[in-house]
1. Go through 73-79, 84-90 and give me the packing order, highest mean Cβ count within 10 Å leading.
2. For Arg119 paired with Ser197, estimate the spin-label separation in nm (one decimal), with each label point 7 Å from Cα along the Cα-to-Cβ line.
3. Could the peptides 98-110, 546-558 be put in order, highest first, of the mean number of other beta-carbon atoms found within 10 Å of their residues?
4. Scale the Cα Rg of region 112-167 by the rule-of-thumb value 2.2 N^0.38 Å and send over the ratio, two decimals.
5. Please compute P(r) over all alpha-carbon pairs of region 48-112, binned at 5 Å starting from zero, and give each bin as a whole-number percent.
6. Once phi is turned into ³J(HN,Hα) by the Karplus curve 6.51 cos²θ - 1.76 cosθ + 1.60 with θ = phi - 60°, what whole-Hz value does each residue of region 97-106 show in order, with x for glycine and proline?
7. Per-residue HN-Hα couplings for region 174-185, Karplus 6.51 cos²θ - 1.76 cosθ + 1.60 at θ = phi - 60°, whole Hz, x for Gly and Pro?
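Computed from the coordinates by the stated procedures, all read-outs in this text should not be read as laboratory data. Keep in mind that what you see is a predicted model, and the values were worked out from it rather than measured. Virtual Cβ from ideal backbone geometry, glycine too; neighbours counted across all protein chains shown.
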Amino acid sequence: MTLCILQGAGLYAQKPGSGIVLGPYERFLNIRAEYKGAVASGDTALIAEKSYLIAKRYHDAGDYYEARKWLFKALKLQGEKADPVSLTKIYGWLGRCEAYESHWEGAVKYSRIALAFARKSGDEGRVYRGGAYLAVGQAHLGAWREKEKGGNVGTFLPSLDSAFWYYEQARRFIDEEGSQVMLGVVIRFYGELLSESGHVDEGLDSLKKAIEILTAQGPKEVFNVVGTAVLAGEIYMKNGRLREAGEWLRKAHVLADTGNVRSYMGLAIVKTKLSEYYLKVGNWRRAYELDQEADSLSTKELEAYRKSSREGLELLHENELKAIELDASRKELKLGQEKAEIRSQLSWLIGGVMLVAILAGSVFYRLYRKYRLVSIENARLVREQSHRVKNNLQSVYNLLSLQMGQLTDPLAVAALEESLNRVDAITRVHRCLYEGSKLSGVELSTFVPDLVKGVLRSYEMGHTRQVYEIPEIWLHADAAIPLGLVISELVTNSCKYAFEGHRAPLLKIKCELDPEGNFNLEYSDNGPGFDRTGTFSSFGLKLIDLLAGQLKGEYTFLQEAGSVFRLKFKEAVKKVAVVKDLS
């Protein structure tokens, strides 16, 4: 990564007419003034361009975090209609920021996006297409080095073969465009690839050729020359050729000192590499001196970075305030235009809406009156039907009661009394239907206790203690009638077999709806228990079995300190009609 760092630190500009190469901080001050002018003008495209240039200055200073912030700001200002060349450059620099921090997945991602936009830019973007191919290839090489060291490159799978392929594509486009600077850079990359793949001499030859091309471009490319020379020295040193390594590193050092390069970080890197060489050849004094000089330069770089970061934050804050003001003025202007357009149409719209509202109101009022009359009549008919059924059942109940008074056979009297309780259970359901607020539903917390008390009174067991756990549950009449008959049979069974001679009779009834929508009934008493073998053939138990089948439910009898009956069925979720007072 030495070359990458040197390149990042070495993108310098020449002050027009002065022959002086400006360092990152001076360039930052210049672009800062230009950026303020762009903000004052309110030109979004110009602000985006200056934001992009500020990002490059931060990149040059090694502050890749701030560089990314300004690049994303430039992307936001460019918008969806930005030209492909501008987007190619922005995404290309995002890829560089990721690469310099060894974030290889991000480097490849942004470099490929840059390549995609370069392909859309036509002939104008051909040189940028070559640069994008080069960036993807460099990411492959850097990630491959990291992986070879045992580092983490995420899900990215780098390879030297891919790097060579991207080099070939980059070289093709750059040769067509004739950019000598880009040609020098791509040949330098080729030299790196050859060296890493074991062709050291061929790689060094490519690096020397790159130095010749870059040197011919004049002082503005001095740092690219220095970086390439340092790279050549590193390769010589890595392969044990210390004499050649010393020559190239000393050349790089002299060129950096005399070439008017004003990057503290770049100079520090050159001195550090030369110090490593002197350590290998045993010149400890010179190595120490160079280390001290590199530390001093790094300190100066840090101070300059702090100063530029502080001023950058101030600039970003000023820009945000200006951007807010600009956005507010644009919104105000747009809102005024929209209001003017709305006013011109508002009177017609209001008139049309009022006319439609009057017509619709008249139609809906007539429909409401008709519906109201029909609903009242339907509710009256349903209540009348339930009332008549209840009265008819009451007549049957009375006739059976008279008939029971004429019987002398105890078994016949007992059978008829049980039948009366069954008729009474059905009668109570219909009474709940015409007295309640729902035409087809029965509220269990009222219906069940009333039913149980009626059965207990018929057996003169009114003193029985009753415990109910029944929330407000409405059952459709189709389920309420068989459920009422089941409860009547269970209470009758308790009165006949469980409570006879019992000092403190107790029955418990629990009803609930489980999360799956099933209705659950649990009935228990404190009698001696249920003998299934002796009484299962009785009519009452056969009736319970029949009613459970009608409900499509499942039931069980258990012996737990008395008799326990559990019933579970699904029909409890039927909707019931609610009657409202429509008068």
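1. 84-90, 73-79
2. 2.3
3. 98-110, 546-558
4. 1.27
5. Calculated over all Cα pairs of region 48-112, the distribution is 4, 22, 30, 25, 14, 4, 0 percent.
6. For region 97-106, the Karplus curve yields 4, 5, 5, 5, 9, 6, 8, 6, 4, x Hz.
7. Result, rounded to whole Hz: 5, 4, 5, 7, x, 7, 5, 4, 5, 4, x, 5.
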